[in-house]
Amino acid sequence: MGTGDKKVTMRAWAYTSRGAPGAVLKLRTDLPRPTPAELHADEVIVKVSYVALDQGQSVIIRVFPHFNSKPWYPGLDFSGIVEAVGSNVTHVQPGDPVFGSPDPKVLLKWGHKYNGMLVEHAFLPAAQVVRKPPNISLASASTLATNGCTAFQFIDLVNMKQGDRVLITGASGGLGTLMVQVVRSVVGKEGTIIGTCSAPNEELVKKLGADEVIDYRAHPVLNEYLTSKYSTNPFDSIIDIAGADDQLYDKSPAYLKPDGAYLIGGKMSITHGSGGFLQILSWALRFYSKAFLPRFLGGTPRKGFFHSANVIPEDIVRTAALVEAGQLTGTIDTEYAMEDALKAFEGTARGRARGKFIVNVQNHSD
Ligand SMILES: NC(=O)c1ccc[n+]([C@@H]2O[C@H](COP(=O)([O-])OP(=O)(O)OC[C@H]3O[C@@H](n4cnc5c(N)ncnc54)[C@H](OP(=O)(O)O)[C@@H]3O)[C@@H](O)[C@H]2O)c1
């Protein structure tokens with residue numbers, strides 16, 4: 001059946017009510033396949049090859065209300081092949097292998113035509129789609145967009161520069177594996193990267209660019225270990241991805257330079273646990289009071305940031321350029337067939353990923 005036929009359907013994971021992914025997500029075969037006739041001038045249609053999952057998606061499915069029309073499709077980061085382009089689109093053409101990630105904020109603006117990526121074919125704003133560098137597979141490219149943007153925005157915020165000493169917690173996960181590589185590209189050979197993860201992932205994190213690895217299970221109170229080991233050689237910045245030590249920022253004057261910066265990207269006990277909106281709010285209030293109050297009122301005398309990344313075209317392009325320069329690659333924990341996507345959600349929820357869990361949407365070999 002061609003795309004011009006009346007009722008062309010596709011397979012897609014979809015949900016119509018909030019809840020745990022395993023309870024509400026259904027693999028449907030009756031959902032409408034996008035057709036070129038509906039294409040907006042600034043949109044493309046992509047045949048989706050791979051989708052890389054993140055735990056943030058599960059939180060959205062479980063916790064947040066949705067305002068656009070049902071059903072909703074989960075999944076953000078993807079790779080695939082361009083099938084059709086709108087009349088204003090020039091940077092990609094049909095047949096091009098691409099990767100990217102829809103911007104959830106545009107999702108609301110463009111309503112029903114703009115949705116998640118765990119579908120066989122998808123509409124996307126063209127700006128969110130970048131040509132895949134030739135030196136990376138489609139599977140690997142699916143892991144890059146959101147976490148690449150996140151890594152670049154984090155290093156910009158903390159004003160990272162060549163030669164810096166940087167601590168990265170959660171260095172072996174989906175975000176951490178990209179963070180280590182992007183940080184290395186900025187601090188260069190003169191810089192120092194120390195990552196935290198469990199001992200079995202030490203080799204991976206060092207291969208990606210860390211100089212030293214701290215096994216968080218051998219040093220369960222990280223701030224105490226850092227105080228004992230690094231107070232005479234403090235960090236320029238701390239990128240806290242795991243968010244496992246509630247005192248890491250409060251105690252940072254012992255191991256972070258006076259003009260250094262602490263940035264927290266997440267708190268895994270909330271994102272990977274069953275925490276709800278109130279838990280997120282009380283954590284945020286505590287963090288911001290430490291970051292903004294003067295010291296005599298309990299504030300921490302070091303710059304402190306929380307940032308939730310925006311998936312913007314400029315940073316997807318920066319990510320692609322770093323791949324092309326041979327300085328960045330994706331790390332895949334496990335690949336699942338489209339029918340087994342729920343297993344990928346389960347894997348992501350465990351918080352022990354080595355890189356990313358990905359779904360092979362068309363069940364093809366790369
Ligand atoms: N702010 C943003 O824009 C943004 C963007 C992306 C992600 N995030 C957040 O970042 C956090 C991590 O996300 P992710 O996708 O990278 O998770 P992930 O893929 O599940 O990875 C988690 C990693 O953290 C490690 N880990 C677990 N407990 C740890 C601890 N106590 N200390 C150090 N490492 C620990 C695990 O290593 P082992 O297996 O070795 O234990 C695992 O490799 C989440 O809270 C997520 O929401 C934020």
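What follows is calculated from the coordinates using simple rules that are stated; it is not laboratory data. Model, not experiment: these values are computed from the prediction. So basically every Cβ, Gly included, is an ideal-geometry build from the backbone, and we count neighbours across all protein chains shown.
Over all directions, the projected convex hull of the C-alpha atoms in the range 147-306 averages 9.1 nm² in area. Note that the range 350-363 has calculated 3J(HN,Hα) couplings of 5, x, 10, 4, 9, x, 10, 8, 10, 10, 8, 5, 8, 6 Hz, one per residue in order, obtained from phi through the Karplus relation 6.51 cos²θ - 1.76 cosθ + 1.60 (θ = phi - 60°); glycine and proline are x.
Between residue 310 and residue 17, full extension at 0.36 nm per residue minus the direct alpha carbon distance yields a gain of 102.9 nm.
Mark the label point 7 Å from the Cα of residue 363 along Cα→Cβ and return the residues of the range 318-350 whose backbone N is within less than 17 Å of it. Residues 335-344 fall inside that zone.
Pick out which of 223, 88, 310 has the largest mean-square fluctuation in a Gaussian network model of the chain, springs linking Cα atoms closer than 10 Å. Of 223, 88, 310, the Gaussian network model singles out 88 as fluctuating most. Counting only DSSP H runs of at least 4 residues, each contributing -39500 (n - 2.57), and dividing by the residue count of the chain, the helix-based mean residue ellipticity at 222 nm comes to -8000 deg cm²/dmol. By the beta-carbon count within 10 Å of each Cβ, the least crowded to most crowded order of 296, 305, fewest first, is 296, 305.
Relative contact order of the range 139-231, please, whole-number percent, based on alpha carbon pairs below 8 angstrom and at least 6 residues apart. Working shown, then result.
On the way: 127 pairs, mean separation 22.3, N = 93.
About 24 percent, as a whole number.
The calculated pair-distance distribution of the chain uses every alpha carbon pair, bins of 20 angstrom beginning at 0, and gives 30, 55, 14, 0 percent.
Of the candidates 53, 175, 222, which one comes out as most mobile in a Gaussian network treatment of the chain with C-alpha springs shorter than 10 Å? Maximum among the listed residues: 222. Residues within the reach of a label modelled at residue 350 (point 7 angstrom out along Cα to beta-carbon, backbone nitrogen below 19 Å), restricted to the range 38-54, are 52-54.
The alpha-carbon of residue 290 sits under 14 angstrom from the alpha-carbons of these aspartates and glutamates, leaving out residues fewer than 8 places away in its chain: 246, 250.
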